[in-house]
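The values are calculated or read from the model by the stated rules, or taken from the named source; none is laboratory data. Just so you know, these numbers come straight off a predicted model, no measurement behind them. Positions of Cβ are backbone-derived with ideal geometry, glycine not excepted, and every protein chain shown enters the neighbour counts. Just so you know, the surface numbers come from the protein's heavy atoms only, side chains and all, with ligands and any DNA or RNA stripped out. Shrake-Rupley method; radii C 1.70, N 1.55, O 1.52, S 1.80 Å.
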Amino acid sequence: MEEGTEDLRKELLAAGAVSFEDEADEGISLQDILTLKERFDSADIDGGGSLDMQEFMDAFGSILNKDGSLTREQIRRLFMQIDANSDGVVDWNEFSTYMLMESQMSGSLVSEKISKFFISDTSGLKQDDENSHNEHVDCLVIEPSGPSYITSSKDGTIRIWSQASLTLQKTISLGKTWVLALCLLRHAAKLVLSTDDRKIKVFDVHTWEQSVEVELSGQAYCLCSWRKDDTEYIAYGNEVGDVTVVDYEKGVRDFRNDHSMRKGKRRASNWAVSWTRNIHSGWINQISMIEDLGGLVTCSTDGAINIFEFPFQNDPVKKDKVLMKRVLTPQYKVNQKPIKCFVWVESLKLIVSGGMERELTVWNPYTSKPVTKLEGHMSGIIMLQVNSDYDQVISLSKDKVVKVWDLRNGEGLQTLSHFKNPALRPTAILFDQARGRLITWGCRHHIWKINPQITNPVNDETHNTPVVAVLYNRIFGSVVTVAEDSETIVWRPLTGQQISSFHDPDRTPETFVSCASFDEAGRRLMTGDHEGRVQVWNFSNGACIKTLLKPVDKHSRQEVTAVTSYSFEEKRYIAAASWDRKVTIWLDKSEDAGSVYPLIQMLGNESDILSIAFSYPKTLATGASDGSIAIFDIESGIKRIAMQSQKIHGFTPRESMNAKELANTLYVEKILFLEEKNKTILTSGADGHLRFWEGTWMTILPESASTTGTNKVVLLMPAEHWPEYGLVDHQVDEDNNILLTADEGGFVKVWDISEYQWNMPDRSQVKACYFWRAHQISISAVDVIVPEQDPGNELNPLVLTASKDKSVLLWTIDGIKIGEFGKVTWRLGRRTMTADAWNLFDTSTWLTDKSINILGMDYDYEIRKSKPAAPVRAIISNLTEIPPETLYRARKGKDVDFETDWLTGERVYKNIRKNTLPEEKRRTPVLPYVRQFSRKLDPDNIVP
């Protein structure tokens, strides 16, 4: 809650102007509203129904500034916060709405420190032995219509258990065979299972009678199902790496009515409609349809995770092979061990896999590279589950140990082992998201419930869903963060304290926010979503002023990708770009409320528009996914200029991708005008380069533009972020002296562009100053804060970073981490959401006092000219902070092989004796974040 508003409410209470019915709730009663209305009306001298700045001061100034502690500027800011439509006056609707919504702001969170995430549910320990499996459980699934749990074991039975009480409801005997895999056809209400005798059987989940039996040419080790366009599909993988997909409606027959069914029938005779292709060189352990990745995902004993489309797409080079969208496998390992299982973590857009390596690998499926590894198991991993509310992965290893992992910080939270009863030692696990409990199953089950002391599913991050925007408001001196689920929080950057929060009450679970920005005056917040809506908010109190609607695109390309506002000829406008390749313009009237329809739609780029920017007086620019830039004259609505980014030859991020994906390297992720640099346009994108554009839109025409009329790139600047990572955002300060760039690997770079000369541009004028990794996964937005300088309390510029990991961080400009907004801190065995998370003027309150800047380190690639004698081999493990592909780059000389640590420039020699190295080459990395790397090197074989 803002100080001025809180003081106003409290002072009105103390002065008798209002009287709360229940001070503990701090709610505003009907009598309070009537009292405020009376005071408001008495201040409206001209009878216009609204208060201007002076009338507002006369009415409430004496209460607000009773002790003289508030400046006129602070009172002016409060007035602007209440003035939701930015028309310079406050009417009764704005004033009362602001006060009512401010009164509903929540307080701080206090809860006990949690030592165990899962605790044993003793109510589930009492079980009858006669109902238990005789052998350990191998497979289990949730059947939601029952609701029930379904388990199978090598004792040749399938058992159905009540989900509420976990009592046995039915046992199905399969005779001398057992189940290899289970899956559910939810729409058809069928249970599909594969058995060790090379059959697939289908049961009706209502009657539990078998309806289909099909003989296969080999065993189906894994199964999955999905529904698309009213058709349900079954997919399974076998021991030779084949994947077969079956159209369930057309591909199976009811064996009870099929008189042609006879022993020895092979698969081809029984699947009426099916498709089979070879995907792996080893047997397939798991198969899943992940719609977010656009296809099927499989893992195999060949050590690879393959992502491919269905219907199958032929490889244009190898006609007999399936075209892979992604292949996830470490490039630096020669003998990759089998991958047994994987899970898709939807909230973080990551794949986590486990296998015989005894460690979990976290993958970025969009770059096909591992992000980090989670180590701790002493045996191979056989099963994984996801707790999506807490961003956790739960793993089971072959030695019957269960571990709970927090993916937000890459740490192990809890280990469940030492089961005293052998029948309880788990061979399968299942996390029931709806009931918030973990079930481990051996011959018997054990229930683990979430510790009831935990009151907030995600209380250790800024937001509960990925953050799409972080914005610094220079007028109010506050930070606004917006998440996909529409949650918007206003923060005080000086202390990290939460001021207020709100969300869209009309939002459906399927709707997510895609972009956000302030209006031209900085008084309102505009958010766009994937349904084509732009909502305008008074972010000070969470009131939705109006909703802007765009026409429905016939191809359903509704998502708004960027939004901005501008003024022209004393009228205000709001412009939005979207996937439909159009720019939609709305007239922004102060009196508008409810739904507002567009004034005009302009045909934009020939590809999806990703970014939009405006420059006074009438220039609107857009950037698209094909690298094109379009410049519009908003007076006429005509596209005046079209420019095209050119492909960079040589190494660029994603260079190793296939031809279809290489087209994405020209993405213009962000476009903005450098107003102080003669309106130079600056763009960044997936190819990792910054482009400075000049043209006829500039205030002073460049010589080249005035003589030839050309509009072009005048400076192409490689951002030189980590390899494989394209740029996703950039931002500049108001004076165009500081430039921030951010990439999809979580890295941030700070540039000095104060010396950039638009009429004589040169690379030397764009100087990199600092470079560090702010997040473990892709950054979604950055912003820069240039604090107002007070004598005696001077502050350097600050950096804001927001990420898909749901966190928003505050940094000094040289890479010192001040804190995380909304971060829970531990103090004396308790964790509290402190009123002040930090104090910018007290460095002892910061999270760290050391910069993690890695720019300018000496990468010495010269190789010592020494002949190898006794071979020395390095055993290298991954550093969790940096993806493995960016840690090392192999270098080879005539006689020496070594690998270079990119963080420190240190070299790990493979074929050289210790005593041939000089002393300065024997030291180990000393930076704090590479200590883990140095500890994991083989101490017997590595130079000390």
Practice problem: Can you confirm whether region 347-357 contains a residue that is in a loop (DSSP other than H, G, I, E, B), farther than 30 Å from Val467 by Cβ and of a type in the set (S, T, N, Q)? | Solution: no
Practice problem: Mind listing whichever residues of region 39-69 are at pLDDT 70 or above, of a type in the set (Ser, Thr, Tyr) and open to solvent by 30 Å² or more (accessible area, probe 1.4 Å)? | Solution: Ser42
Quiz item: Looking only at region 739-767, which residues are part of a loop (DSSP other than H, G, I, E, B) and among the charged types (D, E, K, R)?
Solution: Glu744, Glu755, Asp762
Quiz item: For region 445-465, which residues satisfy the criterion of being modelled with pLDDT of 85 or more and crowded, with 22+ Cβ neighbours inside 10 Å?
Solution: His445, His446, Trp448, His463
Quiz item: Pick from Ile641, Ile574: which is in contact (Cβ under 8 Å) with a residue 60 or more places away in the chain, within 22 Å of Lys679 (Cα to Cα) and aliphatic (A, V, I, L, M)?
Solution: Ile641
Quiz item: Quick check, is Ser517 farther than 17 Å from Thr584 by Cα and not hydrophobic (A, V, I, L, M, F, W, C)?
Solution: no
Quiz item: How many residues are touching a residue at least 24 places away in the same chain (Cβ under 8 Å), open to solvent by 10 Å² or more (accessible area, probe 1.4 Å) and either closer than 22 Å to Leu180 by Cα or not in a strand (DSSP E or B) (or both) when one looks only at region 385-408?
Solution: 9
Exercise. From the list Ile700, Ile738, pick out the single residue that is under 30 Å from Ile816 (Cα atoms) and surrounded by fewer than 23 Cβ atoms within 10 Å (Cβ to Cβ).
Key: Ile738
Quiz item: Right, Ala188: open to solvent by 40 Å² or more (accessible area, probe 1.4 Å) and out of contact with any Gly (no Cβ under 9 Å at 6 or more places or on another chain) or not?
Solution: no
Quiz item: Restricting attention to region 702-714, does a residue exist that is touching a helix residue (DSSP H, G or I) at 6+ places or on another chain (Cβ under 6 Å), farther than 29 Å from Ala483 by Cα and of a type in the set (D, E, K, R)?
Solution: no
Practice problem: Enumerate the strands (runs of 3 or more DSSP E) found wholly within region 601-648, keeping only those where 1 or more residues are surrounded by fewer than 19 Cβ atoms within 10 Å (Cβ to Cβ). | Solution: 628-633, 638-644
Exercise. Could you list all residues from region 845-862 that are farther than 20 Å from Cys769 by Cβ, modelled with pLDDT under 85 and not acidic (Asp, Glu)?
Key: Tyr861
Quiz item: Somewhere in region 265-288, is a residue in a loop (DSSP other than H, G, I, E, B), in contact with a His (Cβ under 9 Å, 6 or more places away or on another chain), modelled with pLDDT under 95 and not β-branched (Val, Ile, Thr)?
Solution: no
Exercise. Residues being touching a residue at least 60 places away in the same chain (Cβ under 8 Å) and farther than 15 Å from Met717 by Cα: count how many of those fall in region 747-777.
Key: 8
Quiz prompt | Identity of the residue in region 372-384, in a strand (DSSP E or B), in contact with a Ser or Thr (Cβ under 7 Å, 6 or more places away or on another chain) and not basic (Lys, Arg), that ends up most open to solvent (accessible area, probe 1.4 Å) | solution = Ile382
